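Have a look at the structure below before the remarks.
Nothing in this text is a laboratory measurement; each read-out follows from the coordinates by a stated rule. Keep in mind the model is a prediction, meaning the values are calculated, not measured. Counting neighbours? That spans all protein chains shown, and the Cβs are built from the backbone with ideal geometry, glycine included.
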Amino acid sequence: MFTGLIREMGTVTSFQNNTLSVTAVHQPKLGDSIAINGACLSVVALTHNGFSVELSPETQRHIALERLRGKIHVEPAMMMGDRFEGHMVQGHIDTIGTVTQITNNGNSYDVIISVDAAFIPLIVPKGAIAIDGVSLTVNEVFTDSFRLTIIPITMTETLFGSYTNGVRVNIETDMFARYIRHILQHPQETLSWDTVTKMTSLY
């Protein structure tokens, strides 16, 4: 589990044979979960100035692979007792969006991101969303896109400052919205007393 608050900007040193090697100040332990651009990955090797993670074919099919070069977002998994400041982020990328507009408002930036319309029901106005692992609040939702308002510190301390129109980003929708949609789309049969009796007889 993550919070969507980026620990640091790491640097990709290589990406080959499904292994991504990163230079970073943070020193994880072997086997630790760590989010790279919002995707939860496992540490498979350590170096004196960083670490390596492995990307399964499933992960590679669902994230913006072309972004795994240069600077990347690094966030280690939460530990029990850590302060919770962002929102509950699993590191499970739902889809890839595309930046279509960035407007400088003086003390903030409006960023429009287009997304497959099938994911719009999971994106809630004033709800939470993770973009490349960054915890943000959705301001407005449209038919096939949504608007974020980004403050200057987020622009300078994350990859948002390097985004241009056409850049693809990893999107993780709100976990609770995903659960609710799944429940509504897969209603269970009404629980009857006969079913309860059968269940209790198994114990």
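Miscellaneous remarks
- Helices in the chain, meaning DSSP H runs of at least 4 residues, each add -39500 (n - 2.57). Divided by all residues, the mean residue ellipticity at 222 nm is -4000 deg cm²/dmol.
- Computed lengthening from Asn139 to Trp193, 0.36 nm per intervening residue step minus Cα-Cα distance: 14.9 nm
- What you get for the range 10-124, charging only the Cβ of Lys and Arg (+1) and of Asp and Glu (-1), is a dipole of about 280 debye around the Cα centre.
- The convex hull built on the alpha-carbon positions of the range 8-76 has an orientation-averaged projected area of 3.9 nm².
- Additional length obtainable on full extension of the chain from Ala77 to His92, 0.36 nm per residue less Cα span: 4.1 nm
- Largest GNM mean-square fluctuation among Ser162, Ser21, Ser42, using the chain with Cα springs under 10 Å: Ser162.
- Using C-alpha pairs under 8 Å with a sequence gap of at least 6, the mean separation divided by the residue count of the chain gives a relative contact order of 22 percent.
- When the chain is treated as a Gaussian network with alpha carbon springs shorter than 10 Å, the biggest mean-square fluctuation among Gly127, Gly97, Gly161 belongs to Gly161.
- Whole-angstrom gap from the range 1-76 to the range 132-169, using each part's C-alpha centre: 20 Å
- Residue-count net charge about Asp94 - beta-carbon cut-off 12 Å; Lys, Arg +1, Asp, Glu -1: -1
- Loop sites in the range 1-99: trypsin sites (Lys or Arg not before Pro), DSSP, at most 11 other Cβ within 10 Å: Lys29, Arg83
- Answer label, with Cα extents along the principal axes in Å calculated from the coordinates and candidates [x] 49, 35, 26; [y] 60, 42, 34; [z] 55, 32, 25: [y]
- Among Val74, Val89, Val141, the largest mean-square fluctuation in a Gaussian network model of the chain, built with springs joining Cα atoms closer than 10 Å, belongs to Val141.
- For the range 1-29, backbone nitrogen atoms closer than 14 Å to the point 7 Å from Glu54 Cα along Cα-to-C-beta are found at 16-21.
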